[in-house]
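As structure tokens, the structure follows; a few thoughts come after it.
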Amino acid sequence: MRLSYKTRLFLISFVTLFIMLVPQVCAQSKENSRKEAAELRQKFVDYGKKFIGCPYASGATGPTSFDCSGYVYAVSRESVGYQLPRMTKNMLKYSKVIDDSKREPGDLVFFKTTSSGDVSHVGIYMGKSQFLHCASDGPNTGVIVSSLKESYWKTHYYCTARFLPASEENGEKSASMNSTDSTDGKSAKKLASESSESASTGGANSYEIVANGSSNRTFLDRLFIDSSFDLDWNFFTPDEFRLFFRGLSANGQVRYAGDKIQPGLGFIARWDAGTKVFQLPLIASLTVGEYFKIFAGPVFTFGNPRLPGDSDKKIKGSVFPGIIGLCWNTPSFSIKSTKICFEQDLHYTVYNRRDGAALSANKSFASGLVFSSGIRVTLPMKEFFK
């Protein structure tokens, strides 16, 4: 079937605009994400400074006294809404070990200060080799500021770990800052080796740190629930170009946050006002990076769909092939452990003629090509098992 001139013009214009805009949106989103991460880190550090001078008390989590892990635990929870584990060793397990050269304000610095050989002290890195912490003994106790260059802390330093998003490109700093902030040059790979040796000999530090520097997070730690609520629309029927309301949709999925890719399984529940049916796509998705997701799956249609713009023309929904789509989103903001972002997706659902034959190209695109704009809410699965 030969496409009409208007349809060809629309498709060429759309593809050209998409190719031009997506890299710019991605670059801007990345820049915004780094800016938000820097602001989040600064908020964490600034809130921690408010407690300088508060005394040390074993087991205390504030607001008038703390122990070392209780201080970090309380500051992260109250300032940026991150619920870290309560104990120092578990904070290290929860976080991602990084090279000293990638250290940023808001990262956590860990020390071995006891004869057991286990990690026993934690502080909040401020920049320029300084860190906030709650000391239990020494010339100054309570919440104080110390330097990684001081003899005691340099000797007992173990590693730096990260639980907040990086604000620098790839989490790295400039060469000049690296030279200023480095301590003994320990790398994540070296720490992994140390941890492996300790584990093989039954040492106290037997928890695992994998070679790429990420902590040994459990399967449950990597599971997230994504829910979104969208307004569906497009701007053409087989006969005209204008903005059309195509209905409402809600979807949910369980996503596994792997180190490189993030597969997911879920569903979409939607009312299509254009074809006048309710549909339930079951989708498999693959999230790449922070901002893009592709998805596909079968579609179950309830009702008798009509051709958009022609309520007398009946068509047929296809189960498989069903739906395929691309989704992109803005950087998210956090409310405690919940993350919220705005999302936009473009998906195509397959429709056929009632006898099973293919629709013409313009009728097929008018029926199946839909934009969805809405809000996505992400919550860690482990929140449901507390």
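Ordered from largest to smallest accessible area (heavy atoms of protein chains, 1.4 Å probe), the residues Trp328, Trp271, Trp153 come out as Trp271, Trp328, Trp153. Apolar share of the accessible surface for segment 31-127: 49 percent from carbon plus sulfur atoms, 1.4 Å probe. Scalar couplings 3J(HN,Hα) for segment 285-300, obtained by applying the Karplus form with A = 6.51, B = -1.76, C = 1.60 to θ = phi - 60°, are 10, 9, 8, 10, x, 9, 10, 10, 9, 10, 8, 6, x, x, 10, 9 Hz; x denotes Gly and Pro. Peptides 302-313, 107-118 ordered by packing proxy, namely the average of other Cβ atoms within 10 Å per residue, highest first: 107-118, 302-313.
On segment 257-386, 65 percent of the accessible area sits on carbon and sulfur atoms, based on a 1.4 Å probe.
Scanning residues 5 or more positions from Ala60 or on other chains, those with amide H under 5 Å from its amide H are Asp67, with H placed 1.01 Å from N in the peptide plane.
The solvent-accessible area of Met126, taken with every protein chain present and a 1.4 Å probe, is close to 40 Å². Full extension of the chain between Ser311 and Ile294 gives 3.0 nm of extra length, using 0.36 nm per residue less the Cα-Cα distance. Pairs of lysines in segment 217-341 whose Cα atoms sit within less than 22 Å of one another amount to 6, provided the residues are eight or more positions apart or on different chains.
Assuming charge only on the beta carbon of Lys and Arg (+1) and of Asp and Glu (-1), the dipole of segment 335-386 about its Cα centre is about 200 debye to the nearest 20. Taking only alpha carbon atoms, segment 229-386 gives an Rg to Rh ratio of 1.01, where Rh is the Kirkwood radius. Quick check on segment 285-338: take the gyration tensor over C-alpha atoms, sort the square-rooted eigenvalues as a ≥ b ≥ c, and tell me if it's rounded (a/c under 1.5), prolate or oblate. Because a/c hits 1.5 or more and a/b exceeds b/c, segment 285-338 counts as prolate. Listed values for segment 377-382 are Karplus-derived 3J(HN,Hα) couplings in whole Hz (6.51 cos²θ - 1.76 cosθ + 1.60, θ = phi - 60°), namely 10, 10, 9, x, 4, 5, and x replaces Gly and Pro. Near Ile315, the amide H atoms lying under 5 Å from its own belong to Arg306, Leu307; only residues 5 or more places off or on other chains count, and H is placed 1.01 Å from N.
Inter-label distance, Arg353 to Glu240: 2.6 nm, where each label sits 7 Å from its Cα along the C-beta direction. Of the peptides 353-360, 60-67, the order by per-residue mean of other Cβ atoms within 10 Å, starting with the highest, comes out as 60-67, 353-360. If you sort the three axes of the alpha carbon gyration tensor as a ≥ b ≥ c, you get a/c of 1.5 or more for segment 42-118 and a/b no higher than b/c, which makes it oblate. Here the ratio of the Cα radius of gyration of segment 103-166 to 2.2 N^0.38 Å is 1.06. Label point of Leu379 set 7 angstrom out along Cα-Cβ; within segment 223-241, amide nitrogens under 11 Å from it belong to 225-227. A crude spin-label estimate for the pair Asp221 and Lys149, with each label 7 Å from Cα along the Cβ direction, gives 3.4 nm. Residue-wise HN-Hα couplings along segment 351-363, as the Karplus relation 6.51 cos²θ - 1.76 cosθ + 1.60 with θ = phi - 60° gives them from phi, are 10, 10, 6, 4, 8, x, 6, 6, 6, 4, 4, 5, 5 Hz; Gly and Pro carry x.
The values are calculated or read from the model by the stated rules, or taken from the named source; none is laboratory data. As the structure is a prediction and not an experimental result, all values here were calculated from the model. Virtual Cβ from ideal backbone geometry, glycine too; neighbours counted across all protein chains shown. What goes into the accessible areas is simple: the full protein's heavy atoms, side chains included, and nothing from ligands, DNA or RNA. Shrake-Rupley method; radii C 1.70, N 1.55, O 1.52, S 1.80 Å.
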